[in-house]
Amino acid sequence: MGAGRVTIKIDEKGEIKVETRGMLGPACLDEVLKILQENAAVTEIRKTDEYYMKPGAKIREEAKQKVRQ
Amino acid sequence: MSSLVRAFVMRELLDSSCVEDALKEMQCDYLKEGNIIRIRQNLTITLTANGAEVSYNLRDSWQNEDVNSFMQTLAKTYAAKLEQKIEILKMNEARARENEVLGLFKEEERRTTEVRLRNERMRLEAIKRREEESLRLKIIGKVAAIKEKAKHLGYGVKEETREKEVVLVLIKR
């Protein structure tokens, strides 16, 4: 897994919202769940397109665009 | 955004009558056997010996979204019920005073009613304060544990405290 950013918001009622950015593939979710493990009860997991992309996929797309230019 | 995860830190549910009221509000079938409330095969709530403290026996994994969502709804409904009971007691106290002014209550009767209502309200308010403080401390502990875990996994951690929330930004390069 490459560079990534995880934002965790915890409010006074104990509700937690976690967003990941710039992380491709299931590994990013695994890592979030590892961080939350034993610390919170998960109620919802929403996977976006990036979740289903293989790590490195974005880099290849950027490379293609450079060739086109 | 790669993924979005929602989770929560479970609060204490110290008043057993509010737990049962919340379950009824949720139209949840449950079986009470002594101090055990059986909700499903995999979920029981145990009322402890003093009849007030509730503990959870979740045999499922902490990742079980179904059980966790149920517990979160229960906690929210419970908190609303507790708040509602306190408000009703306040209203009834005011009504008892009003009835005394109107001469509908005898002094003795008024005193007994008012003392009973006040004591019950104060008991519930104390429970509410205890639960809120316990949750606050629990959240502080969880934030510290999450930061520790993230650092262990190689993340840089930035923490920002806003009015009603703590924001942790974890960055891995």
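Full extension from A:THR7 to A:TYR52: what is 0.36 nm times the residue separation minus their Cα-Cα distance, to one decimal in nm?
That works out to 14.2 nm of additional length.
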At least 10 Å² of accessible area lost relative to the chain alone, listed for the range B:1-27 with a 1.4 Å probe: B:MET1, B:SER2, B:SER3, B:LEU4, B:VAL5, B:ARG6, B:ALA7, B:PHE8, B:VAL9
B:LEU137/B:GLU83 FRET efficiency (R0 30 Å; Cβ-Cβ; nearest 0.05): 0.90
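With a 1.4 Å probe, how much accessible area is buried between chains B and A, both sides summed, in Å² to the nearest hundred? Intermediate results must be reported in sequence, preceding the final value.
Values: alone 12250 and 6210 Å², together 14240 Å².
Approximately 4200 Å² gets buried when B meets A.
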Contour minus Cα-Cα distance for B:ALA126 and B:LYS32 (0.36 nm per residue): 31.3 nm
Other-chain or far-sequence residues with amide H under 5 Å of A:MET53's (modelled H): A:GLY25
Three-way shape label, the range B:95-173, alpha-carbon gyration tensor, a/c 1.5: prolate
Distant-in-sequence amide H partners of A:THR43 (H built 1.01 Å from N, under 5 Å): B:ARG6, B:ALA7, B:PHE8
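The values are calculated or read from the model by the stated rules, or taken from the named source; none is laboratory data. No experiment lies behind these values; they were computed from the predicted model shown. Cβ: placed from backbone, ideal geometry, glycine included. Neighbour counts: every protein chain shown. We work out accessible area using only protein heavy atoms, side chains counted, and drop any ligands, DNA or RNA first. Shrake-Rupley method; radii C 1.70, N 1.55, O 1.52, S 1.80 Å.
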